[in-house]
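Remarks on the structure that follows.
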Amino acid sequence: MLTQTGLEASHLSQHLSVLRRYGLVVSERRASVVYYRLAYPQVADLLKVARQLLDQLLHASADQRARADELPSISSAR
């Protein structure tokens, strides 16, 4: 998961701890390896919708920024 998320090990561990605390993931230790899985399949659906919403918000922000960049510059009157 470290390579997939790009997070440092300590940060990933903290995120997984929070997700486990709130019952969104469950963990299972086998020897020195800890395996995680979603506690409910609906969590994957929730994450998919959240990603779609975030994508829409970022796209809207990019559009607003592009329109602002197209405005004529304002020169200061001296």
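Mind checking which helices (runs of 4 or more DSSP H) fall wholly inside the chain and carry at least 3 residues that are surrounded by 10 or more Cβ atoms within 10 Å (Cβ to Cβ)?
9-21, 42-69
Could you please let me know if SER10 is in contact with a Phe, Trp or Tyr (Cβ under 9 Å, 6 or more places away or on another chain), hydroxyl-bearing (Ser, Thr, Tyr) and at pLDDT 90 or above?
No.
The values are calculated or read from the model by the stated rules, or taken from the named source; none is laboratory data. Model, not experiment: these values are computed from the prediction. Here the Cβ is made from the backbone with ideal geometry for all residues, glycine too, and neighbour counts use every protein chain on show.
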